[in-house]
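The values are calculated or read from the model by the stated rules, or taken from the named source; none is laboratory data. Quantities reported herein were computed from a predicted structural model and do not represent experimental measurements. Cβ coordinates were reconstructed from backbone atoms using ideal geometry, including for glycine residues, and neighbour counts include every protein chain displayed. We work out accessible area using only protein heavy atoms, side chains counted, and drop any ligands, DNA or RNA first. Shrake-Rupley method; radii C 1.70, N 1.55, O 1.52, S 1.80 Å.
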4 protein chains.
Amino acid sequence: MNMQTADQPTVRAAVLGASGYSGGELLRLLAGHPRVQIVAAGASERAGLTVGDVHPHLAPLGALPLEDLGPDVADRCDVAFLALPHGTSAQLAPALLERGARVIDLAGDFRLPAEEYPGWYGFEHPAPEWLGKAVYGLPELFRADIPGAQLVANPGCFPTAAALALAPAARAGMLGAPVIVDAKTGVSGAGAKPTSTVHYAQTEGSVRPYRVASHQHTPEIERALAAVGGGDVRVTFVPHLVPAVRGVLVTCYAPFAGRTTAGDVDRVIHEAYDDEPFVRVLGDGTMPDPKRVAGTNVCEIGIGVDARTGTAIVAAAIDNLGKGAAGQAVQNMNLLFGFDEATALPVLGVYP
Amino acid sequence: MNMQTADQPTVRAAVLGASGYSGGELLRLLAGHPRVQIVAAGASERAGLTVGDVHPHLAPLGALPLEDLGPDVADRCDVAFLALPHGTSAQLAPALLERGARVIDLAGDFRLPAEEYPGWYGFEHPAPEWLGKAVYGLPELFRADIPGAQLVANPGCFPTAAALALAPAARAGMLGAPVIVDAKTGVSGAGAKPTSTVHYAQTEGSVRPYRVASHQHTPEIERALAAVGGGDVRVTFVPHLVPAVRGVLVTCYAPFAGRTTAGDVDRVIHEAYDDEPFVRVLGDGTMPDPKRVAGTNVCEIGIGVDARTGTAIVAAAIDNLGKGAAGQAVQNMNLLFGFDEATALPVLGVYP
Amino acid sequence: MNMQTADQPTVRAAVLGASGYSGGELLRLLAGHPRVQIVAAGASERAGLTVGDVHPHLAPLGALPLEDLGPDVADRCDVAFLALPHGTSAQLAPALLERGARVIDLAGDFRLPAEEYPGWYGFEHPAPEWLGKAVYGLPELFRADIPGAQLVANPGCFPTAAALALAPAARAGMLGAPVIVDAKTGVSGAGAKPTSTVHYAQTEGSVRPYRVASHQHTPEIERALAAVGGGDVRVTFVPHLVPAVRGVLVTCYAPFAGRTTAGDVDRVIHEAYDDEPFVRVLGDGTMPDPKRVAGTNVCEIGIGVDARTGTAIVAAAIDNLGKGAAGQAVQNMNLLFGFDEATALPVLGVYP
Amino acid sequence: MNMQTADQPTVRAAVLGASGYSGGELLRLLAGHPRVQIVAAGASERAGLTVGDVHPHLAPLGALPLEDLGPDVADRCDVAFLALPHGTSAQLAPALLERGARVIDLAGDFRLPAEEYPGWYGFEHPAPEWLGKAVYGLPELFRADIPGAQLVANPGCFPTAAALALAPAARAGMLGAPVIVDAKTGVSGAGAKPTSTVHYAQTEGSVRPYRVASHQHTPEIERALAAVGGGDVRVTFVPHLVPAVRGVLVTCYAPFAGRTTAGDVDRVIHEAYDDEPFVRVLGDGTMPDPKRVAGTNVCEIGIGVDARTGTAIVAAAIDNLGKGAAGQAVQNMNLLFGFDEATALPVLGVYP
């Protein structure tokens, strides 16, 4: 699948957690990257099987073995993607980093300060010394931080969409409180493990709020907005599971601050993203739809307003496995290694 | 299908707009009502066909003809259900009323003051003299008004859910501003007419905000809350189309007023509905799911709180064709004619 | 939920396997039966919970406890519905029968001769002496056998549809070999237990043949056709899992025997079923759709023909949890106890 | 989107019927082709709009205008893809061909002999002189014919899957009669035009046979099998619409001829395709799933057997817009212009 030529440097990549949905998407994208060689695919419970066994849609990569990888995979890779459960990445990453690998963590393990982990994630962070060194890999907001990083905290799916939607206006001081983020997600975000929650018979026809105002992505959204200069904003965040596979839509509500107008919000969002390859700001009140960006690394943003109540309404749609996980991780890798940021990242959706 | 016995009075019912989804659901429910005789089914474009032609799932009623009904249907019915497009009901209802029929209007034509119609519905109301006589048929909030009415404005699907969710706390003065109502609906609410919007290929995998802060149900929600004593509340309302057929979920956000606590909101909601046959208040943070009430006249309500931001979160789920349309219309008919309010109205969902 | 009056006899019913989908549907239907009292609901792993815990859509029955029921439930019920896994019914039924309860088994444990169980079901039948006493509860084909039975083998979902589709022409000697039955089913037939097979993310957009020519319903179809006089027909049966919840469609192909014409097949099917309350024979080449019979006990049958190849094509659609399981079980109960066969069985689908 | 370099020849391509689903998929694939320049996009009713207006998922191509193209588009293109309604291609293609363009027709207009069109397609063929010059563009079966062609009849979705499934065994004389092809398709095959048939509310939960034994793809399947040496086989073909967007699965049934065994069929299928880049023959009874090939040009084939009845069962899955339409058209274009046959054609599915 790789098309690199002899004179190009090649990045040796390992994917840990390769048997899950994000892991599969990483393999799909990396297989098309001209400067990447996939050197290892990790899976603990399913070690001994092959990629083809667990991801039949990746048949051309099928012979790649799934291994029970530990820190010494660092000796044979330049970058390790950790598509592991929350808590596992934090255990493993330090040893990989110490052996010299660059690490892109798709879990939430390096996105918050240490003191937030017990409350939001339910564990004491085992490697707080690395938290300060991790950069938050949302390129459209923090691009300059990424190339020099050894450890990238790849953002969560909801924070990616919500921060992209709200950051420009927040940075410009255009938004007041309260900020409400009402999110809708397909079930792939819940992972490949079968549970009642993702049973087809219980999902078709269902719309379910979950972790109401207690989802661990809440402080991540707040931190991203603070980091762009949005101040100490508090966000009420409620995700909903809808009958879809890929896709996250966030609908964000905030009162206009001061004399801000809808036009102001529209302007700063366009200014922020009109040159970005992976953000599409829609015009004329058109609203985003995650279906249109399925399979891509694109974020669509739509801007509305409730003039009667003085409320800005900004909605954003992504593919949670693309821009919300594996796509953004590859985008970060491109930045880490000096490749064109858009390499191997689809921008044309597979639609309908 | 009817099981009435000789000694029971029988209500003669006509369903106008019988070829649509709400019309079909009315026929399904009325066919099981022991005191109702369906005397006429109206459909303008499809007149000449039968109920069986357009609703094969209602085969036992199949021979019932679809007629192009005008005001004189009032001479052969006691009650006319108008499941007609917005604007058409307002044209037809006065003549039916003047001939003595009772009218239950499932369109939005008698829910607002005359001056609101041009802005929200796009037409000048043709019968403003009837607007003051119409009662708003949301029994759990306005039950006492209904039995004596000649004209019932059957509530919209979103207002039914949002008003049931918010009314108890609004009435008790527990909610501040702003009030955000983020709604998710299946596509049956868009009607049986084929359009790109409801094309399967464009709906599967899609989540689409629409009529952002401009949906005609906005003032209806506000009026219902005002009518229960909630004051002059303004609501920011954004509906979303999700890949489902039946079902509406509203997620409502409002700051606690004054020293209101989550417990206070919980208490007034329980007090309001614990004796209601068609409202289920869920406990322990359980959230509602429209799938569980599919095919029924039930509204499920779940209560959450964001203590960090002082926000009350109340969600409600209904079947938009049931409690959000035909079911509630039959409930209103039961009240109009003195039947047990729950007659012929399912409370056990068809699940999964 | 029950509406029985003092002067009617009441049947005391127990539902074993009440926490599954068929169990839930049995509770839903029985709750609406005027002559039934649900006296016990059994669930082994989930004993100690209530019906409301596992079936929130059945909230009005919510307080009913789930018990770990054994043979002594026979002492407090007149009829036991066994909605248990294959193999478990055969263990439990004899003790229930010996204590005097009538048993309706929704598993496959009493549908075949003893010698077929090892090959098709993978177990040696533990109670072969009861196999000869069980009647096959497909009323439209074997109605006369049912009222006097103590043990009813409630047919499988695929055999119900396939036998109803093929029996009239098979009985009349109109069909040659080979007989192909290509079936499509929603995932509720796979049960409530979460597995990869029924994960939403793996089911949406998927169509999967399974147990190709090796499904245990194959000999059941053949036996039903033989029992109506269709001779020693062999059936090639391939089921497919489609992205739907309820519903089975079978498409049956067989060459016309001798000088049989399409009109002959059409005639015998109409003759067989035109007076049946739960079978709808469609005309003019209209084909059945399981969506139209969702929530009901109805079977729709459509008749086609390939004149170029001399092939009869008969398709049948049912709700696998209705006519394919719980609905038919209640129909059998009605026959066992002398009630009107149609009591408490919906014929109007919940559509769309 | 194009990555061609100065020293490569560039093919100028026009897509007529660019506003439909196949047209959109053609644009998506061609945009990624390093040697193609999209010079024109045609759409009659929507001329004046842009590609971005009708295909927002193709935003990077958005400015491309939709034009009402006639024969003179041949003057500015090397190849014209006709993704037009049946009957329209046959009107337009001759003029394009006469002006020197190569034509790849995705409609059914050049796949059958002239005498078949009135019966199967309902029109008299307007250009029978071109029928004999058209080559049938199923490369895995007729690769040698394609490079020199001026006019390629791109196969239909069902014939692609059915012919790939059946051709090896048919060619080897291993199959007897009757041959049954039972197909399941997502709704994108019905096109982008909104109709009741593709209304989401009528499709979710539905499985519908249609054009039973009368679908126009029937003779196309038969001709493909005859052309590989399968003899004068007659096929009974019944397609079914299932609740999915992309994807076709065909399940093919045929008796083994003579002393053919399952192993023989397995062997010839492997021999036929093991070196093909776009056909994956599954082993060990694994069955294909169109979900796994969504977005790709791949055909998955699975082989089963009913030893009891002596029936070979071969199933094949494709993306109807990929290998079943646009993907195969690009594959044919690659052959026409001497490019690597796999250029710009995805082989890794977007899953889940």
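What the table below lists for this structure:
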{"quantity": "Loop-located trypsin sites (Lys or Arg not before Pro) in segment C:95-167, at most 15 other Cβ atoms within 10 Å (DSSP)", "calculated": "C:Arg99, C:Lys133"}
{"quantity": "Computed log₁₀ I(q)/I(0) - Debye formula, equal Cα scatterers, no solvent, segment B:238-285, q 0.15, 0.19, 0.25 Å⁻¹", "calculated": "-0.61, -0.87, -1.05"}
{"quantity": "Rg/Rh for the protein assembly as shown, where both radii come from Cα atoms and Rh is the Kirkwood radius", "calculated": "0.96"}
{"quantity": "Residue-by-residue Karplus 3J(HN,Hα) for segment B:293-309, coefficients 6.51, -1.76, 1.60, Hz, glycine and proline x", "calculated": "10, 4, x, 10, 9, 9, 10, 9, 10, x, 10, x, 8, 10, 5, 5, 10"}
{"quantity": "log₁₀ of I(q)/I(0) at q = 0.14, 0.16 Å⁻¹ - segment B:98-254, Debye sum with one point per alpha carbon", "calculated": "-0.76, -0.97"}
{"quantity": "Rounded accessible area per residue of segment C:160-225, 1.4 Å, Å²", "calculated": "25"}
{"quantity": "Charge sum, other residues only, whose C-beta stays under 15 Å from C:His215's C-beta, Lys/Arg counted +1 and Asp/Glu -1", "calculated": "+2"}
{"quantity": "Between helix B:88-98 and chain B: long-axis angle, C-alpha atoms, 0 to 90°, nearest 10", "calculated": "60"}
{"quantity": "Reachable aspartates and glutamates, given that their alpha-carbon falls under 15 Å from the alpha-carbon of A:Lys193 and they are not under 8 places away in the same chain", "calculated": "A:Glu45"}
{"quantity": "Solvent-accessible area buried by C and D, counting both chains, probe 1.4 angstrom, square angstrom", "calculated": "3500"}
{"quantity": "Cα centroid separation, segment A:201-231 to segment B:165-237 (Å)", "calculated": "21"}
{"quantity": "Segment C:14-61: radius of gyration over Cα atoms, expressed as a fraction of 2.2 N^0.38 Å", "calculated": "1.03"}
{"quantity": "Helix axis angle, D:21-31 relative to chain D longest principal axis, alpha carbon, degrees", "calculated": "70"}
{"quantity": "In degrees, nearest ten, helix B:327-336 long axis to first principal axis of chain B (Cα)", "calculated": "70"}
{"quantity": "C:Arg12 versus C:His270: modelled label distance in nm, points set 7 Å from Cα along the beta carbon direction", "calculated": "4.9"}
{"quantity": "B:Asp266 - accessible surface, heavy atoms, 1.4 Å probe, Å² rounded to 10", "calculated": "60"}
{"quantity": "Alpha carbon convex hull of chain D, volume per residue in cubic angstrom", "calculated": "137"}
{"quantity": "Segment D:227-352 - convex hull of the alpha-carbon atoms, volume per residue in Å³", "calculated": "139"}
{"quantity": "Given 14 as the ceiling on other Cβ atoms within 10 Å, longest exposed-site-free region of chain D for GluC sites (Glu not before Pro) in DSSP loops", "calculated": "D:125-352"}
{"quantity": "Segment B:153-165 - phi-based ³J(HN,Hα) in whole Hz, Karplus 6.51/-1.76/1.60, Gly and Pro as x", "calculated": "8, 6, x, x, 5, 5, x, 4, 5, 5, 5, 5, 5"}
{"quantity": "Cα-Cα P(r), segment C:163-269, percent of pairs per 10 Å interval", "calculated": "14, 40, 26, 15, 4"}
{"quantity": "Accessible surface of the protein assembly as shown [probe 1.4 Å, protein heavy atoms]: carbon and sulfur percent", "calculated": "49"}
{"quantity": "Pairwise label distance in nanometres, D:Thr195 with C:Ala177, each label 7 Å out on the Cα-Cβ vector", "calculated": "4.0"}
{"quantity": "Chain B: calculated mean residue ellipticity at 222 nm from DSSP helix runs of at least 4, using -39500 (n - 2.57)", "calculated": "-7000 deg cm²/dmol"}
{"quantity": "P(r) histogram, all alpha-carbon pairs of segment D:261-323 included - 10 Å bins from 0, percent", "calculated": "24, 49, 23, 4"}
{"quantity": "Segment D:222-274: trypsin sites (Lys or Arg not before Pro) falling in loop per DSSP and having at most 10 other Cβ within 10 Å", "calculated": "D:Arg259"}
{"quantity": "More than 17 Å apart - percent of Cα-Cα pairs taken over segment B:60-124", "calculated": "47"}
{"quantity": "Minimum Cβ-to-axis distance in chain C for the rotation onto chain B, with residue, whole Å", "calculated": "C:Val350, 3"}
